[in-house]
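Reading through the structure tokens given below for one structure.
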Amino acid sequence: MTQPSIPPPPLPPSAGGAAGVQVRCAGCRMILTVGPGVTEFICPTCQLPQMLPPELMTRVRLQPPPSQSVPAHGIDPTKMQLPCANCKAILNVPHGLARFSCPQCGVDLAVDLSKIKQLLQPRPPPEEVNEVAIEVEREEDEGGPVGETFTDYRPPKLSIGPPHPDPIVETSSLSAVQPPEPTYDLRIRDELENSKALSCLQIETLVYACQRHLQHLPGAARAGFFVGDGAGVGKGRTIAGLIWENWHHGRRKALWISVGSDLKFDARRDLDDVGAMYVEVHALNKLPYSKLDSKSVGIKEGVVFLTYNSLIASSEKGRSRLQQLVQWCGSGFDGLVIFDECHKAKNLVPEAGSQPTRTGEAVVEIQARLPEARVIYCSATGASEPRNMGYMVRLGLWGAGTCFPDFPSFLGALEKGGVGALELVAMDMKARGMYVCRTLSYKGVEFEVIEAPLEAEMEVSYKPAAEFWAELRVELLTASAFLNGDKPNSSQLWRLYWSSHQRFFRHMCMSAKVPATVRLAKQALMEDKCVVIGLQSTGEARTEEAVTKYGLELDDFISGPRELLLKFVEENYPLPEKPEPDQEEETVKELQRKRHSATPGVSFKGRVRKVAKWNPASDGESDEDSESDSAPESTESDDEFQICEMCNTEEERKKLLQCSCCGKLVHPACLVPPITDVIPDKWSCYSCKEKTDEYIQARRAYIVELSKRYEAASERKSKILEIIRSLDLPNNPLDDIIDQLGGPDRVAEMTGRRGMLVRASSGKGVTYQARNTKDVTMEMVNMHEKQLFMDGKKLVAIISEAGSAGVSLQADRRALNQKRRVHITLELPWSADRAIQQFGRTHRSNQASAPEYRLIFTNLGGERRFASIVAKRLESLGALTQGDRRAGPSLSAYNYDSAYGKKALMVMYRGIMEQDKLPVAPPGCTSEKPDTIEEFITKAKAALVSVGIIRDTVLGNGKDNGKLSGRIVDSDMHDVGRFLNRLLGLPPDIQNRLFELFISILDVLIQNARIEGNLDSGIVDMKANIIELQGTPKTVHVDQMSGASTVLFTFTLDRGITWESASIMLDEKKRDGLGSAHDGFYESKREWLGRRHFILAFESSTSGFFKIVRPAVGESVREMPLAELKNKYRKVSSLEKARSGWEDEYEVSSKQCMHGPNCKLGNYCTVGRRLQEVNVLGGLIFPVWGTIEKALSKQARQSHRRLRVVRLETTSDNKRIVGLLVPNAAVETVLQDLAWVQDIED
């Protein structure tokens, strides 16, 4: 009889009989074992509080009392407190329970109602656990499904200039925010109105940027502006307009920093377009390192155009470009500094463990050294991840005068706030007038994700390749073991091994997609469209190495994977050192020298000398005498005391021989055998000589042994190289595609590579040739190819990231080739920023038709890894860059590298290592057949060992015979990236099974998070039939610098659905013939507070699942499985009964929540209440973020403590508000705290 607030420890099911009773949970249908004496409990899985059914109560009573004492609990106000007749313990007894056992002493007790009536005041009927209320509360926490995400954009407060040539949109969350009033007057306004060079939204950017540049941050630097417009909106022309406006104010110097030097031509074109013909553009990479305004260079004004690489460059003499630019700008410089494509400066604040990039540091430094400069940050993907904003120091989001002292604390708040917080940053920046972000409408653009299964021949080459890498790993481990413990060397080897492993399989995946790519391309050409194929790596390095090795003419295209493997093994196979055969004479002499130098002055002769030196001077002699005499005397003494080691006599001192090794003195005659011949200069005694010979022999044997080892290792290495050459591996995808689509004459290539392999005209063999011709320089070759494509002379273009930065390939109305573009991504870029950049090549302003995107994945589990990274970035890219993360094309099905992904990985690893039970049966296994699961775990372990995730493996013996044991290091436990990378190196079958297991665990975790209301779903749409603003919004905080304010809105929502609307819904379903036999009105099987709940259920688009509509709260987000529907509800046959029940619930829910009149939260509770009041903080949120977070942390209900961003649209005037939802119970606290903040600022 424990309280519901403390769930009992779940017992193992086997303990059924003795340890308790088994019941099925009323919520999630799990089998639970309930401890003896426990009649109320909470399900550990779905957290539903419940009671044992009456028929099981008797069984509980019959059980022997538990031996251990049950911990005592406090008083539960929802129950009666009665003393036990035996042990006198005060017990919490549920109302209506007549018989039970005392949990302390185990005695059977009965409640005598006649006696306790006078003890208890009459009280309202008890509040039972209302399952439907719990269900509704969960659904309310999830919020409504998100509606459309973009709205058409027109400048809200300016009407200068012509409309933009293409439909432009803004995310609906950003459109809910109004920018500040424009106060700046453009000097070039008349000129622009006449020339119509800029559209109204480009002029709007000019006005807000110039207006922002008039402000200073609390830290004294000039405020900066962020142009976040999407690819193709026309940022280049906007920048040109800004330069021209500043020129008219006498600010004649500007710095324009971008990604590629050939974008200088675009900069020139944009300046000409806005009428700034005589503003010169100077390319910094063509200029010397001396002073720019010196007589020799002579640049007094104009735009200095440079790349991010130039920004960090320096000359051999140590002069830096950064220093040169600062000097040219001069002190007090207040001109423009434009960071174009500023996402290049990201990684100033990298993830733990890596270093900030030099570019990031240089961007921050130049801003610090030019505090008065007018800074513009410009990028479509500038803030795809909050940590990439570290260099945007002029936005004033952190630092002096904000609630975040530095960038790390700003980052911390964002990461805690989840995606909703990112969306708020974008809205805040817009409200303060420092950010614009419009995107070309994705209307007409088609996205299609195509899964290309492995072709048969690819299957054949993939499995042996995966097995080969596993064998190579064992081979390298063995070979390394023979080497002397060179630890650092081995860690380097494994780093290279895994990076080559990843590149190899990435290549394989790319090659696997070539057939599908060629098929799609040919199909598009037949439909009279043209094709753009995007990839990341061109395989140039491999090709050049092969050409250097094999010559310019080859039998066939190079296989990138094979060359990569050969290179890795050739350069990194651990060979022992090759022994040098040495000359005998040398060795003896060397050895003697070593010995001699090792023991200087320890010879017998030396000792004698030292004794002889001791010659005390007599009193009469002066110091000087003793000095001058000492030298000759000492030599005398040496001779005097020399004696033979063998006979210890001093006879024939002149004949004594001295050993050149150990320094012994002997007579030649004393030696055995005696020496009679001529004695060599360097004579060594017999014992020394013997040692030398021994050494030489030992050394010879050692060298022979080393040579054998070296040769054996070399032979193994050659064998491995032979095996690699015999593997059937695919060709370089880029060459292959160009070849299959008609060769270089038909395909325009815009990549960074210098040469390519071309099939000979005879069709046999290929030759290597440079990409440029006599007429076209290497620098201009991509521009030339682009022109051929835009003129329709070539209908297929292949672009890599290196060759396509800033290139426009859309179906431009000014180009000859206006066919619809089909953009195929063969290889998703490593980051979504780049994916968006690549998509932006074919989707731009002024196009005749929108492109079709085809994203190709293989069906290999691990290959989705690359998709996963991109999906993660696309999600957050939509979020931060566009205030709404649904703005990017949706790939969220492929996002695994999330907090839930990390947790799922850990759960899976623990299951495979048999530390925990797997929450789901692995693919191809069932819980009824435990041996199938065991077999899977054995295979999975072996697979994880082969890719180095399980380490220190040992094969068990005894009862664990044949079982693998090992460990997974902590850092690998959560590393989803590493898991998905390594997964690629497994044979397809086990790869896909492991991946499926990972995904199914992930699904379970996400589902649980959704049920518990902890899932971060970004902006939530609050839906209701009627949404009205109540009273006038209340301003609770004003930002001093921009004048933007934080406002509290109060809305009334009517979420109910009348009986008439519900009946019409059902009739329409039936009329359309879409209904199922189970559609109709239902009532709950259980009663709460004397009434049943009514619902309308009809089958959704997912077979077997039902949409639920409730009288009080309308349509539910969650769809209910048929089994659950039948278990909790029964169909109502009489329409009259359904009608009265429905109308009754509709009426009651207008005044009270589902918990009834005695709800603990009282009027604050909104669960299942039809009419509810909703408080939303709109406008500027970031300055008051900390205050709100603090107020919410004190809330009683878990779901109220989370910061949630919601969106509402009023039904009468369609006014849209986005902001932070403030639970009704927290409004007072929030307002008090905000008033306090405001007072301090005043």
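In this structure, the amide hydrogen of T307, modeled 1.01 Å from its nitrogen in the peptide plane, lies closer than 5 angstrom to those of S258, counting only residues at least 5 positions away or on a different chain. Taking a Cβ cut-off of under 11 Å around R154, the surrounding Lys, Arg, Asp and Glu residues balance to a net charge of -1, with basic ones at +1 and acidic ones at -1.
A crude spin-label estimate for the pair T953 and T1035, with each label 7 Å from Cα along the Cβ direction, gives 6.9 nm. A crude spin-label estimate for the pair R699 and S687, with each label 7 Å from Cα along the Cβ direction, gives 2.2 nm. The mean accessible area for residues of region 968-1127, using a 1.4 Å probe and ignoring ligands and nucleic acids, is 43 Å² per residue.
With the simple model of a label 7 Å out from the Cα in the direction of the Cβ, A760 to K522 spans 2.6 nm.
In the structure shown, do any of K196/K819; K196/K786; K264/K529; K416/K1194 have a Cα-Cα gap over 20 Å, and if so which?
Over 20 Å Cα-Cα: K196/K819; K196/K786; K264/K529.
Taking amide H atoms as placed 1.01 Å from N in the peptide plane, the amide H of H164 lies under 5 Å from those of C200, L201, each 5 or more residues away in sequence or on another chain. Taking max minus min of the alpha-carbon positions on each principal axis, region 691-842 gives extents of 92, 43, 31 Å, largest first.
The apolar share of the surface of region 467-559, taken as the fraction of accessible area on carbon and sulfur atoms (1.4 Å probe, ligands and nucleic acids excluded), comes to 55 percent. Figure note: C662, C688 ranked by solvent-accessible area, largest first, 1.4 Å probe, ligands and nucleic acids not counted: C662, C688.
Accessible surface calculations at 1.4 Å, restricted to protein heavy atoms, place region 477-554 at 49 Å² per residue.
The order of the peptides 531-538, 453-460, 277-284 by mean Cβ neighbours within 10 Å, most packed first, is 531-538, 277-284, 453-460.
The values are calculated or read from the model by the stated rules, or taken from the named source; none is laboratory data. Computed from a predicted model, the values in this text were never measured in an experiment. As a convention, Cβ positions derive from the backbone with ideal geometry for all residues, glycine included, and neighbour counts pool all protein chains shown. Only protein heavy atoms, including side chains, enter the accessible area calculation; ligands, DNA and RNA are left aside. Shrake-Rupley method; radii C 1.70, N 1.55, O 1.52, S 1.80 Å.
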